[in-house]
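The structure appears right after this line, and notes come after that.
The values are calculated or read from the model by the stated rules, or taken from the named source; none is laboratory data. Worth saying up front: this structure is predicted, and the values here are computed from it rather than measured. All Cβ positions, even for glycine, are placed from backbone atoms using ideal geometry, and neighbour counts span all protein chains on display. Note: accessible area is taken over every heavy atom of the protein model, side chains too, but ligands, DNA and RNA are not part of it. Shrake-Rupley method; radii C 1.70, N 1.55, O 1.52, S 1.80 Å.
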Amino acid sequence: MTADTVRTPYRVQLSRLTAGWLDDDRAATLHRHAAAYGPLPAVRPHTLIDQVAAARLTGRGGAGFPTGVKMRTVASKRGPAVVIANGMESEPASEKDQALLARAPHLVLDGITLAAEAVGANEAHLCLPRSRAWLADIVLTAADERRRAGADPVPINVHLMPHHYVSSEETSLVQWLNGGEAKPAYTPPRPFEHGVGRRPTLIDNVETLAHVTLIARYGAEWFREAGRGEAAGTLLTTVSGAVAGTGVYEVEAGASVGEVLALAGADAAAQAVLVGGYFGTWHEIREVAPLPFTAAGLRSVGGAPGACVLYVLPPTACGLADAARVLRYLAGEGAQQCGPCMFGLPAIADDLSQLASARPEGDPLGRMQRRFGQIEGRGACHHPDGAVRMAASALRAFAADAHAHVQRRMCLASPHGRPRAGLLPVPRPLAEGEWR
């Protein structure tokens, strides 16, 4: 297998994980998967971990931690381990994981099997959201094919979990699999020490595990043939908003933000972009366009790829209105385990909504700045920090609009004097108490 490069002015879009997606929009069967990639290789556990480390693969779920280090740490612990594949994809603006599972489920399932063998696991789980029954049907069909073929020495258990924003956090998965609620826990020990059943537990995003599959088959050197600078391989990114081609793109790691936006046909009149998803940051496009779409590349402007999301704000939309909608959603998605989630985020959401409507009461800007400082770093999990980061970046990116709104004047992008939100999806909340 070789990486196919789409003929664009840049070497941006590649087809590794997405090979064959344009030829058939159905999920690949085990037979078609084996014909495309060959049989699952027999790789010694330490050899695979060494190959993953040499490939410089990092997690594709948001944190970007080196996958080889993670695997080696779990493998070094005493007793049989557990592997969890995280397919929850609770980021509303992301569709990459569901696209991967819907088209190439066996790439992910191969990765789970390989990871289980590498870390000495005798138990494996794939966690999916209950809200996507159609996706569960595809994955369960693929898992059944593998059971009939005897493809997985370690059985893979597929679970459907409640789909809150925080339910995709790794400790939420562990809590739920241990019989509790799908809420995050930030007290030691960490899952790699004592996770499911208090056993060492490897938790990886489904895209990460699909890359492990390709590294096992083609090697670390092949994987690094794609990528720029220290960034290696490819990554799936979801681009939406004011673009000609909304969708999931497989791009070379280290490609610039501007190159990815050009690939999707971003509106030339658009001026702002949300980078990283709902825990991400708003920026002027001209500020981030030349920067690599990597953690290191975006660090200078306070950004990160996060869930590998790029949302282009439509030129006629009010960025503050979009940010207010997102923050209201995040305020309702907390686990309600601490004061910042229970009281802080709803208060900031009220302030931002007032500001976005250009009908402020008192000084919402001043109140938000004070509350940012009171909340940051004080939550029981990282949920309040992520929400505050997004809100604070909106005030910076749309500073001129914010000051206009404070004076009860609408921003220039709002037609007919009314703030217009963009296209960011805001899911309906689950029933109160639906955490199990």
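Here are some notes:
- Expected 222 nm ellipticity per residue - DSSP helices of 4 or more, -39500 (n - 2.57), all of the chain, to 500: -11500 deg cm²/dmol
- Dividing the mean sequence gap of close Cα pairs (under 8 Å, 6+ apart) by how many residues the chain holds gives a relative contact order of 16 percent.
- The 3J(HN,Hα) values that the Karplus relation (6.51, -1.76, 1.60; θ = phi - 60°) gives for the range 336-344 are, in residue order, 6, 10, 7, x, x, 6, 6, 10, x Hz. Gly and Pro appear as x.
- Carbon-plus-sulfur accessible fraction, the range 28-80 (probe radius 1.4 Å, protein heavy atoms only): 60%.
- Computed from the Kirkwood radius of its Cα pairs, the Stokes-Einstein diffusion coefficient for the range 301-405 at 20 °C and 1.002 mPa s stands at 153 µm²/s.
- The range 328-359 residues near the modelled residue 186 label - backbone nitrogen below 18 Å, point 7 Å along Cα→Cβ: 330-348
- Heavy-atom accessible area with a 1.4 Å probe sorts 311, 329, largest first, into 329, 311.
- Approximating the spin labels as points 7 Å out from Cα along Cα→Cβ, the residue 54-to-residue 122 distance works out to 3.1 nm.
- Euclidean distance between Cα centres, the range 346-418 to the range 168-212, Å: 33 Å
- Under a Gaussian network description of the chain, with springs only between Cα atoms under 10 Å, the residue in 95, 225, 169 that fluctuates furthest is 225.
- Cα centroid separation, the range 58-114 to the range 319-338 (Å): 27 Å
- Annotation: peptides 110-123, 151-164, ranked by per-residue average of other Cβ atoms within 10 Å with the highest first, follow the order 110-123, 151-164.
- Solvent-accessible area, 1.4 Å probe, carbon plus sulfur percent, for the range 157-255: 48 percent
- Placing +1 on the Cβ of every Lys and Arg and -1 on the Cβ of every Asp and Glu, with no other charges, gives the chain a dipole of roughly 520 debye about its Cα centre.
- GNM top mover of 133, 226, 28 - the chain, alpha-carbon springs below 10 Å: 133
- Förster-model FRET efficiency, 56 Å R0, residue 347 and residue 42, C-beta, rounded to 0.05: 0.45
- Sites residue 436 and residue 157 - FRET efficiency at Förster radius 22 Å, r taken between beta-carbons, to 0.05: 0.80
- Residue with peak Gaussian network fluctuation, the chain [Cα springs, cutoff 10 Å], from 42, 356, 321: 42
- Helices assigned as whole DSSP H runs in the chain whose Cα atoms extend at least 20 Å along their own long axis and whose mean Kyte-Doolittle hydropathy is 1.0 or higher are found at 105-119.
- Simple spin-label estimate for residue 396 and residue 141 gives 4.6 nm between the two label positions (7 Å along the Cα-to-Cβ direction from each Cα).
- Using a simple spin-label model with pseudo-atoms 7 Å out from Cα toward Cβ, residue 32 and residue 301 lie 3.9 nm apart.
- Two-decimal log10 I(q)/I(0) for the chain, as the Debye equation yields it once each C-alpha is a single scatterer, q = 0.10 Å⁻¹: -0.69
- Translational D in µm²/s for the range 318-369 (Stokes-Einstein at 10 °C, 1.306 mPa s, Kirkwood Rh from C-alpha pairs): 143 µm²/s
- Here residue 407 and residue 225 are evaluated by their C-beta separation; at R0 = 60 Å the FRET efficiency comes out at 0.65.
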